[in-house]
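Participant: Take this structure first; my questions come after.
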Amino acid sequence: QIRYSIPEELTRGAFVGNIAKDLGTDVTKLAAANLQVLSDSDSQYFSVNVNTGVIMVSERIDREQLCGQNPRCFLHLKLAIENPVEFYRIEVEILDINDNPPEFPSDEVSLRIYELASLGARFPIQPAQDPDVGTNTLQTYHLSANDNFNLNVKARTDGGKFPELVLEQALDREFRAFHHLVLTAEDGGSPPQSSKIRITIQVLDANDNHPVFDKPSYGARLVENSPLGTLVVKLNATDVDEGPNGDIRYSLSSHNSAALRQIFAIDEQTGEIRVQGNLDFEEATVYEIEVEAKDMGSPTMEEHCSVVVEITDVNDNAPEVILTSFSSSLSEDALPGTVVAVIHVRDRDSGEQGKVLCHVSPDLPFQLRKDYEHQYSLLTSTRLDREHVAYYNVTVSASDMGNPPLSRHTILPITLTDVNDNAPQFEQASYEVLVAENNPVGSVLVTVSAADPDSEQNSRLSYSILRAGGTDPGLDPTRYLSIHPTSGQVTAKFPFDYEQTTYLQFHVEVSDGGSPALRNRTLVHVFIVDQNDNAPRVHFPRAGEDSATQFRISPSIVPPALITKVVAIDADSGRNAWLSYHLVEATDLGLFSVALRSGEVRIMRALQETDASAHELLVVVRDAGEPPLSTAVTLVVLVEEKGPEALQGSEARAADGGGLPTITLYLIVSLVLISTV
């Protein structure tokens, strides 16, 4: 803690002290450490030059306005330095200068004094007020020269001085009815300042006894916040005169301030003083009440006494929590021990009741560190995770040590800002998609979806397709597929053909918008589903587009002799490639038959002379798809005496002397084997 002393009313820019010199540090270090001066008061009376380390006056300082009549006046500052965070307490004592003369409430006062007033009778004069303190405040009074009165200055317990005129020589109204005096009030400044009041005294005739209190002073003790109407003390004054001259009325003297008159009231008949306002120990610890008792004579005679009321403190003020520094947003990667707020606490009560303890909930990742008396720092105690808890309401509880204790709770809302510490995660480790061939261009095959618990830019995802390992190098997925970068929808660029591609796999990569970006991948398997898009194709017997294949049989052929076999294949797969053979038209449907599955054409009965010599058969080959596709082939069977009995067509005739072609031979062998099986 550093202490300086300066007089009040210094001009702006006046030198207060060199903080760099007093801290024993280099000025350049202070400038680099972001030096700040924080004041406990509402006004910023001081400023600091970070280049020189000099503290200067920045606003006019009126000691009387700041501290009133307190003998000592201080302004407290806090010096804050960053990197690392340090605080120094600076105490500046404001010294009084003699800038206020004593002043009487008025320029003239009139007194009416009975001529038979007793020697030594005292007549209070309204005192002069000087807001300065110490030697600069009111010190003495001087009374102008006269024959009848002397001056007595009464000192109060609070340091106040009240002038009284003391009758030293008996008055004679017939000799002099009026006395004109001058009272001068003078302070102790250098040079001293003074003011004057004219006193006019009228000498009256009549009532020759004044009231007398049974005590010269009274004392009482009350606790603060006593209920309205609480009895403070009951005064008792007597007057030996009779009738109206002995009838006493009590009242508060004009010496009392207006504030005191609002707190206490006196019953003019009984002399009871009661509480009528709020008693606050923090505003005043003792009250001195000036009371006067007047009789009803003519002229009225009066007597004065004082009542000293001491106020006892009770714990009636809850602690105050003041945020000196606070940041409502905090990065989630802040290290433990990071300062979030600097808190100042105070309690207007005194003693143990003014001591304050602060704490926060142990369930939160924050803790309080006591920097010095009345100041705490709120720190992070553990690592933070915005994805787990994004927002905290930290309640700082301040409790005093009174009985019962009073407390105050201040809520500090703290929002965690995001850092890119989470990679995107796909909903599935891999995706399997069944796609029918001949799909429309641009159709959505699959939608991949990933989530990132980060926020804002760190959670904005972008999708892309990568070639997966193990895929046929000729099948680059980006040739066939595209992906929407934000929705994750995978669409086809071309229709798929099951007969060319049955399976495709690729990786989809997702990256977030953080810096640096975090990535993840998932594997997508695409299975092409066959559609019935290929009609059966006849491989044997071969025929032109509009021609029929001829076969010759002998009239003596024995049923069920094999004439030929229709062989067809279908490029589709599964049910779409299951073929069936049907004889739909024939010259004589009862003469020939076609095997449903093998396609073998056989004669079913012996030929007769009445049968035609040429028979035309229409064989349809149909697959099992939905809807089914088919192909028709026309066979012409000629009955000739010298024709081959089976498996001889126009192709056989064309190969007269050279035998069967190789491919035909293979087909015949295959047909025989299949038929045998």
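Participant: How many residues does the stretch 428-470 hold that are under 21 Å from residue 492 (Cα atoms), open to solvent by 50 Å² or more (accessible area, probe 1.4 Å) and among the acidic types (Asp, Glu)?
Facilitator: So the count comes out to 1.
Participant: Continuing with the same structure: For the stretch 624-638, what are the residues that are of a type in the set (A, V, I, L, M, F, W, C), surrounded by fewer than 19 Cβ atoms within 10 Å (Cβ to Cβ) and within 18 Å of residue 583 (Cβ to Cβ)?
Facilitator: 632, 636, 638
Participant: On to the next question. Check 390, 398 and return the single one that is small (Gly, Ala, Ser) and out of contact with any Pro (no Cβ under 8 Å at 6 or more places or on another chain).
Facilitator: Testing whether each residue is small (Gly, Ala, Ser) and out of contact with any Pro (no Cβ under 8 Å at 6 or more places or on another chain) leaves just 390.
Participant: Moving on to the next point. Return the residue satisfying two criteria in turn: it lies in the stretch 276-294 and is over 48 Å from the mean Cα position of the chain (by Cα) and open to solvent by less than 50 Å² (accessible area, probe 1.4 Å), and of such residues it is farthest from residue 309 (Cα to Cα).
Facilitator: Per the criteria, the residue is 293.
Participant: For the stretch 306-424, which strands (runs of 3 or more DSSP E) that fit wholly inside it have 1 or more residues that are farther than 30 Å from residue 511 by Cβ?
Facilitator: 320-326, 339-346, 356-359, 366-372, 375-380, 391-400, 407-417
Participant: May I pose another question? Across the stretch 347-364, what is the number of residues that are touching a residue at least 24 places away in the same chain (Cβ under 8 Å) and under 26 Å from the mean Cα position of the chain (by Cα)?
Facilitator: Count: 6.
Participant: Next up: Quick one: which of 566, 594, 601 is under 15 Å from residue 675 (Cα atoms), touching a Gly at 6+ places or on another chain (Cβ under 6 Å) and touching a residue at least 24 places away in the same chain (Cβ under 8 Å)?
Facilitator: 566
Participant: Same structure again: I'd like to check which strands (runs of 3 or more DSSP E) are fully inside the stretch 530-623 and have at least 1 residues that are among the hydroxyl-bearing types (Ser, Thr, Tyr) and surrounded by 15 or more Cβ atoms within 10 Å (Cβ to Cβ).
Facilitator: Where strands (runs of 3 or more DSSP E) fall fully within the stretch 530-623 and carry at least 1 residues being among the hydroxyl-bearing types (Ser, Thr, Tyr) and surrounded by 15 or more Cβ atoms within 10 Å (Cβ to Cβ), they are 549-553, 562-565, 579-586, 592-594.
Participant: Working carefully through the options 260, 235, find the one that is farther than 15 Å from residue 294 by Cβ and either at pLDDT 85 or above or assigned by the TED database to the domain that holds residue 158 (or both).
Facilitator: Details: 235 fails: farther than 15 Å from residue 294 by Cβ.
Within the list 260, 235, the selection yields 260.
Participant: Could you tell me whether the stretch 239-249 includes any residue that is in contact with a Lys or Arg (Cβ under 6 Å, 6 or more places away or on another chain), within 28 Å of residue 128 (Cα to Cα) and not β-branched (Val, Ile, Thr)? Break it down stepwise before answering.
Facilitator: Taking the stretch 239-249 first, the residues in contact with a Lys or Arg (Cβ under 6 Å, 6 or more places away or on another chain) are 249.
Add one more test, that the residue is within 28 Å of residue 128 (Cα to Cα), and what stays is 249.
Still in the running and not β-branched (Val, Ile, Thr): 249.
Within the stretch 239-249, one or more residues are in contact with a Lys or Arg (Cβ under 6 Å, 6 or more places away or on another chain), within 28 Å of residue 128 (Cα to Cα) and not β-branched (Val, Ile, Thr).
Participant: Whether any residue in the stretch 55-64 is outside the structural domain of residue 369 (by the TED database), open to solvent by 70 Å² or more (accessible area, probe 1.4 Å), farther than 30 Å from residue 172 by Cα and of a type in the set (S, T, N, Q) is what I want to check.
Facilitator: The answer is no; no qualifying residue exists.
Here's the yes/no breakdown for (1) open to solvent by less than 50 Å² (accessible area, probe 1.4 Å); (2) closer than 30 Å to residue 191 by Cβ; (3) of a type in the set (Asp, Glu):
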position	(1), (2), (3)
21	no, no, no
30	yes, no, no
39	yes, no, no
43	yes, no, no
72	no, yes, no
80	yes, no, no
89	no, no, no
96	yes, yes, yes
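Participant: Another one. Looking at the stretch 477-497, I want the residues that are at positive phi and open to solvent by less than 30 Å² (accessible area, probe 1.4 Å) and have a partner that is in a loop (DSSP other than H, G, I, E, B) and of a type in the set (S, T, N, Q) with Cβ atoms under 7 Å, at least 6 apart or on another chain. Which pairs are those?
Facilitator: Once the first residue is at positive phi and open to solvent by less than 30 Å² (accessible area, probe 1.4 Å) and sits in the stretch 477-497, its partners that are in a loop (DSSP other than H, G, I, E, B) and of a type in the set (S, T, N, Q) give 488/449.
Participant: With respect to residue 195, is the statement that it is assigned to a strand (DSSP E or B), in contact (Cβ under 8 Å) with a residue 60 or more places away in the chain and in the same structural domain as residue 150 (by the TED database) true? Give the steps one after another, and end with the answer.
Facilitator: On the way: assigned to a strand (DSSP E or B): yes; in contact (Cβ under 8 Å) with a residue 60 or more places away in the chain: yes; in the same structural domain as residue 150 (by the TED database): yes.
Yes, satisfied.
Participant: Of the residues 444, 435, 448, which single one is touching a Leu at 6+ places or on another chain (Cβ under 8 Å) and under 27 Å from residue 476 (Cα atoms)? Walk me through it before giving the result.
Facilitator: Numbers: 444 fails: touching a Leu at 6+ places or on another chain (Cβ under 8 Å); 448 fails: touching a Leu at 6+ places or on another chain (Cβ under 8 Å).
Among 444, 435, 448, only 435 is touching a Leu at 6+ places or on another chain (Cβ under 8 Å) and under 27 Å from residue 476 (Cα atoms).
Participant: Still on this structure: Report yes if some residue within the stretch 402-409 is under 30 Å from residue 351 (Cβ atoms) and among the polar types (S, T, N, Q); otherwise report no.
Facilitator: yes
The values are calculated or read from the model by the stated rules, or taken from the named source; none is laboratory data. Everything numeric in this text was worked out from a predicted model, so none of it was measured. Methodologically, a virtual Cβ is constructed for each residue, glycine included, from the backbone with ideal geometry; neighbour enumeration extends over all protein chains shown. Only protein heavy atoms, including side chains, enter the accessible area calculation; ligands, DNA and RNA are left aside. Shrake-Rupley method; radii C 1.70, N 1.55, O 1.52, S 1.80 Å.
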